[in-house]
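Colleague: Okay, handing you the structure first.
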Amino acid sequence: MGNALTGSALDEVLARAQAAPFSLSRDELAALLRLRPGPEREAFHAAARAVRDRVSGPNVYLRGLLEIGTRCRKDCLYCGLRRSNSHTVRYEMAPPEIVRLAVRVYELRLGSVVLQSGEVQSAKHTAVVEEMVRRIRSLTSPDFAIVLSLGEQSEETYARWRAAGADRYLLRIETSSAAFYRTLHPATHRWEVRKNCLSTLKRLGYQLGTGVMMGLPGQTAEMLADDIIFYRRIHADMIGMGPFLPHDETPIRESPLTEAERLELGVNMVAATRLYLHTCNIAATTALQALSPQGREQALLAGANVLMPNFTDDAHRRAYQLYPGKPIVDEVSGEEPLSALEASIRSIGMSVAWGLPGTPPHYLADRDPAE
């Protein structure tokens, strides 16, 4: 589809979006998402970048990612870790190793660590994570952020992890449409449960992270515009979005978009979300890099401000295959790869905010009046 916004119409939309958050309509967001490479798209990304620089500076906040396990009770139709995929290597990292690596992330002056795994629900799992979080908190400074991405849990479990010292929680809604959600999951998975988890996390005082995928079968630009508006509705503080990368061992094996089109759409979603929300954190995800070696840098130039280098040990990170072609080479575990990452960030005119957790302005002063 061709560019729907050009000339003075685009200039007016971008000026209004830069002046105040939440100022774009659903149709305007959808039109921005459809922009293809060219001067209009460059102006769109530059406007988003200007908003990011104004609210948080040209800073990149680093989150050290630990993929701590591949066991999962869910059977999402697009995910390589789905329960029914018998070809996935299942592992659980030992708690002492997780604590050691988290402390290493802290010692290397990253501002936060992310503990991510498939979804497990059990009293034992809750207690193990609680103790790990408490241990990491005791060995790091109060400013070091502990982020969990462990799926749907009970309110009691979320509360225990929060009391132990977890600051943030990432739980992708995947889509703001309950009807579309049902096309991506078996009947046992309910959108309303996921939405209620997000509400619970916010109420418990977590910095709330969520996000969606782009390029799924049946998805439209208008649906993605609804997703961006949904972020406002739930008062999301952090956004992590990535293009859909099909996995051969899942029922949903194909995207209607080419890799180039999914990369364009993924970067456009970053820019549109920045122009709409202004003060949240937005990650340049690894999935973008899977489509282009410069995918993450493109997202940073379109308004993202977070990178999540992988600190999982080599033996496990190759088994954590949410999708094929996951970048491995430049993921880091020490100072030398971090220096290379910093050089890449500097090459696009940005700086690493070493040692800072990068708490989003939205969380510090939630000025969103939406219900």
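The values are calculated or read from the model by the stated rules, or taken from the named source; none is laboratory data. Owing to the predicted nature of the structure, the values given are computational and were not obtained by experimental measurement. Neighbour counts run over all protein chains shown; Cβ positions are idealised from the backbone, glycine included. Accessible surface areas use protein heavy atoms only, side chains included; no ligands, DNA or RNA. Shrake-Rupley method; radii C 1.70, N 1.55, O 1.52, S 1.80 Å.
Colleague: With respect to Ala48, is the statement that it is touching a helix residue (DSSP H, G or I) at 6+ places or on another chain (Cβ under 7 Å) and either open to solvent by less than 50 Å² (accessible area, probe 1.4 Å) or in contact (Cβ under 8 Å) with a residue 40 or more places away in the chain (or both) true?
Modeller: For Ala48, the condition - touching a helix residue (DSSP H, G or I) at 6+ places or on another chain (Cβ under 7 Å) and either open to solvent by less than 50 Å² (accessible area, probe 1.4 Å) or in contact (Cβ under 8 Å) with a residue 40 or more places away in the chain (or both) - is met.
Colleague: Go through the range 188-209 and report how many residues are of a type in the set (D, E, K, R), open to solvent by less than 50 Å² (accessible area, probe 1.4 Å) and not in a helix (DSSP H, G or I).
Modeller: Number of matching residues: 0.
Colleague: Limited to the range 212-243, what total is found for residues that are assigned to a loop (DSSP other than H, G, I, E, B) and over 16 Å from Leu275 (Cα atoms)?
Modeller: Result for the range 212-243: 7.
Colleague: Return only the number of the condition from (1) surrounded by 24 or more Cβ atoms within 10 Å (Cβ to Cβ); (2) under 23 Å from Ser112 (Cβ atoms) that Ile228 does not satisfy.
Modeller: For Ile228, the failing item is (2).
Colleague: Going by what's in this entry, would Arg182 be described as within 30 Å of Glu264 (Cα to Cα), crowded, with 19+ Cβ neighbours inside 10 Å and either in contact with a strand residue (DSSP E or B) (Cβ under 8 Å, 6 or more places away or on another chain) or modelled with pLDDT of 95 or more (or both)?
Modeller: In short, no.
Colleague: Here is a follow-up. With buried (at least 17 other Cβ atoms within 10 Å of the Cβ) and on the phi > 0 side of the Ramachandran plot as the only criterion, which of His235, His247 stands out?
Modeller: His235
Colleague: Scan the range 137-161 residue by residue and report those that are open to solvent by 30 Å² or more (accessible area, probe 1.4 Å) and outside any loop (DSSP other than H, G, I, E, B).
Modeller: Arg137, Ser138, Leu139, Glu155, Glu156, Ala159, Arg160
Conditions tested, residue by residue: (1) exposed (fewer than 15 other Cβ atoms within 10 Å of the Cβ); (2) within 30 Å of Ile136 (Cβ to Cβ).
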residue	(1), (2)
Glu28	no, no
Leu32	no, no
Pro39	yes, no
Gly69	no, yes
Gly80	no, yes
Arg83	no, yes
Val103	no, yes
Ser112	no, yes
Val120	no, yes
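Colleague: Another one. Output the residues belonging to the range 162-179 that are assigned to a loop (DSSP other than H, G, I, E, B) and open to solvent by 30 Å² or more (accessible area, probe 1.4 Å).
Modeller: Asp167, Arg172, Ser177
Colleague: Please state which of the following conditions Met223 fails to meet, knowing it meets all the rest: (1) closer than 18 Å to Gln289 by Cα; (2) aliphatic (A, V, I, L, M); (3) open to solvent by 20 Å² or more (accessible area, probe 1.4 Å).
Modeller: (1)
Colleague: So, one more: Please work out which residue is farthest from Ala47 (Cα to Cα), limiting yourself to the range 290-301 and to residues that are open to solvent by 30 Å² or more (accessible area, probe 1.4 Å) and among the polar types (S, T, N, Q).
Modeller: Gln294
Colleague: Right, something else. Out of everything in the range 253-288 that is among the hydroxyl-bearing types (Ser, Thr, Tyr), within 16 Å of the chain's Cα centre (by Cα) and open to solvent by 10 Å² or more (accessible area, probe 1.4 Å), what residue ends up being farthest from Ala47 (Cα to Cα)?
Modeller: Thr286
Colleague: Test Trp191 against the stated conditions and say whether it is touching a helix residue (DSSP H, G or I) at 6+ places or on another chain (Cβ under 7 Å) and closer than 19 Å to Arg232 by Cβ.
Modeller: Yes.
Colleague: Out of all the residues in the range 128-136, is one or more under 22 Å from the mean Cα position of the chain (by Cα), in contact (Cβ under 8 Å) with a residue 24 or more places away in the chain, open to solvent by less than 20 Å² (accessible area, probe 1.4 Å) and closer than 26 Å to Leu364 by Cβ?
Modeller: Yes, there is a match, as at least one residue in the range 128-136 is under 22 Å from the mean Cα position of the chain (by Cα), in contact (Cβ under 8 Å) with a residue 24 or more places away in the chain, open to solvent by less than 20 Å² (accessible area, probe 1.4 Å) and closer than 26 Å to Leu364 by Cβ.
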